[in-house]
Amino acid sequence: MIKEISVDEAIKMLKGDENVILLDVRTQQEYYTEHVKGSRWIPLDQIPYRLKELDKKKAVFACFCRAGNRSFKACEFLKDSGFEELFNVKGGIEAWKKAGYETVKNSMEEYSGSYASINSKA
């Protein structure tokens with residue numbers, strides 16, 4: 001069973017553990033238009049081909065999309081592929097924005113820093 005977490009729970013996980021990866025599984029256009037700073041972007045349809053980029057022994061994955069449906073599918077696929085610590089962020093980026101958390105717009109920036117820099121609610 002895939003555990004669903006709220007945006008606030010995801011923020012707590014991201015700030016509390018550097019091994020947590022917020023995996024954005026949306027399309028390139030969606031990610032370019034708006035994404036969460038520090039998120040790791042691998043579109044849902046590319047996950048089967050890019051599994052080696054994800055360390056199933058170290059990281060906890062909070063999967064993320066526009067509203068939560070594709071990310072749930074990503075979690076299911078990752079679980080079937082041997083990943084254990086998986087969480088689906090309920091409501092995706094729409095819930096993230098509604099909760100007042102910051103996003104990056106119109107950028108394909110690659111960010112490799114710490115999640116400790118994620119801004120809290122405005």
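The values are calculated or read from the model by the stated rules, or taken from the named source; none is laboratory data. These figures come from a predicted structure and were not determined experimentally. Note that each Cβ is placed from the backbone with ideal geometry, even for glycine, and that neighbours are counted across all protein chains shown.
Residues of the stretch 61-77 that are touching a helix residue (DSSP H, G or I) at 6+ places or on another chain (Cβ under 7 Å) and either in a helix (DSSP H, G or I) or modelled with pLDDT of 95 or more (or both): ARG70, SER71, LYS73, ALA74, PHE77. Put simply, of ALA116, ALA95 the only residue that is closer than 19 Å to MET13 by Cβ, at pLDDT below 50 and part of a helix (DSSP H, G or I) is ALA116. When ARG26 is tested against (1) under 13 Å from the mean Cα position of the chain (by Cα); (2) of a type in the set (D, E, K, R); (3) in a loop (DSSP other than H, G, I, E, B); (4) surrounded by fewer than 16 Cβ atoms within 10 Å (Cβ to Cβ), exactly one condition is not met: (4). Annotation note: of VAL7, VAL36, the sole residue that is within 14 Å of LYS97 (Cβ to Cβ), among the aliphatic types (A, V, I, L, M) and over 10 Å from the mean Cα position of the chain (by Cα) is VAL7.
Candidates are the residues of the stretch 40-60 that are at pLDDT 90 or above and within 17 Å of ALA10 (Cα to Cα); the one that is surrounded by the most Cβ atoms within 10 Å (Cβ to Cβ) is TRP41.
The number of residues in the stretch 98-113 that are among the hydrophobic types (A, V, I, L, M, F, W, C), in a loop (DSSP other than H, G, I, E, B) and modelled with pLDDT of 90 or more comes to 1.
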